[in-house]
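Asker: First, the structure itself, so that you have it in front of you.
The values are calculated or read from the model by the stated rules, or taken from the named source; none is laboratory data. Source: prediction; values computed, not measured. No Cβ is skipped: glycine too gets one built from the backbone with ideal geometry, and neighbour counts run over all protein chains shown. Note: accessible area is taken over every heavy atom of the protein model, side chains too, but ligands, DNA and RNA are not part of it. Shrake-Rupley method; radii C 1.70, N 1.55, O 1.52, S 1.80 Å.
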Amino acid sequence: MTVGDYLRTLQGIFVLWLSVLIVMALALLFQIVHQSSAEQALGQAQQALHQRQQQASDLASHQSEIDFYVANRARWQALGMLEAPHFDHWDATLAAIQQQSALPDVAYQMQPPRLCSATTCQKYWPAETPPALHFTVTAIQLDWLLTHESAVSDWLAQLQAKFGERLFVRHCSWSLASDNQAIAAQCDVDLFNLPGEHP
C-alpha cells in the first residue's frame, strides 16, 4: 500500500467521522431547540395555572362579599339602594311626612353624595364592618324648633319607615332656642346607596 492509498483511506475515514459528528451536532442542536420549546411551553402552562389559581384565590377571598350582595340584592333593589341618590324623592318624602306631622317645618342641609369604599369610608357605615362594596353616603342635617323632644322620635320613625336601611340616624341633639321658649332639635342622618354595584 502506497502513501497515497493510505492518505485516501485516512481521508475517507476522516470524512466519515466528520459526517457522523455533523449529524450528531445537528441532532444535539435539534434536541436543545426541542427542549427549549418544551421548557417555554411548560413555563407558559405553569404561568397560566398560577393565574388561574390566583383568580380562584381572589374569588374565594371575595366570596363573603359576593354572598352578602346576592343575599341582599333583591331587598336593596326594592328599597332603591342600587340607584344613585334621588333627591326629588327625598324632598317629596319630607313634605309628605311634614304634612302628617304636628311638628313645625323641618329645615335641612344636604351634603353632596360621597363615593366610598369599605376602606375609605368605614366610619360612615352603620355596622361595625362595611361590606367590601362601593357605596355613596349623603350626610343630611335636619333642624326643627319645637316644644317637646319626643315629637322628633315619631317624625324620625316615619322617615325610617320610608327609607328603611338606606337611612341611618347618626345622632340627635337638643338645646334651648335663643328666646328660651322653644327647643332647637338637630339630627344628623346618613342616606346610603349602592349605585351600579355588581361584585
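Asker: Working only within segment 83-96, note down all residues that are open to solvent by less than 40 Å² (accessible area, probe 1.4 Å) and modelled with pLDDT under 75.
Answerer: Within segment 83-96, just 85 meets the criteria.
Asker: Scanning segment 163-194 for residues that are of a type in the set (D, E, K, R) and open to solvent by 20 Å² or more (accessible area, probe 1.4 Å), which turns out farthest from residue 140 (Cα to Cα)?
Answerer: So the residue we want is 179.
Asker: To continue, here is another question. Out of 109, 46, 53, 40, I need the residue that is closer than 30 Å to residue 136 by Cα and either at pLDDT 70 or above or touching a Cys at 6+ places or on another chain (Cβ under 8 Å) (or both). Which one?
Answerer: Matching residue, one of 109, 46, 53, 40: 109.
Asker: Under 6 Å by Cβ, and 6 or more places apart or on different chains, what pairs join a residue from segment 100-113 that is assigned by the TED database to the domain that holds residue 187 and over 12 Å from residue 185 (Cα atoms) with one that is of a type in the set (Val, Ile, Thr) and at pLDDT 75 or above?
Answerer: Once the first residue is assigned by the TED database to the domain that holds residue 187 and over 12 Å from residue 185 (Cα atoms) and sits in segment 100-113, its partners that are of a type in the set (Val, Ile, Thr) and at pLDDT 75 or above give 110/140; 113/136; 113/138.
Asker: Checking the conditions here, which among 184, 127, 139, 161 is part of a helix (DSSP H, G or I) and not assigned by the TED database to the domain that holds residue 64?
Answerer: Unique residue meeting the criteria: 161.
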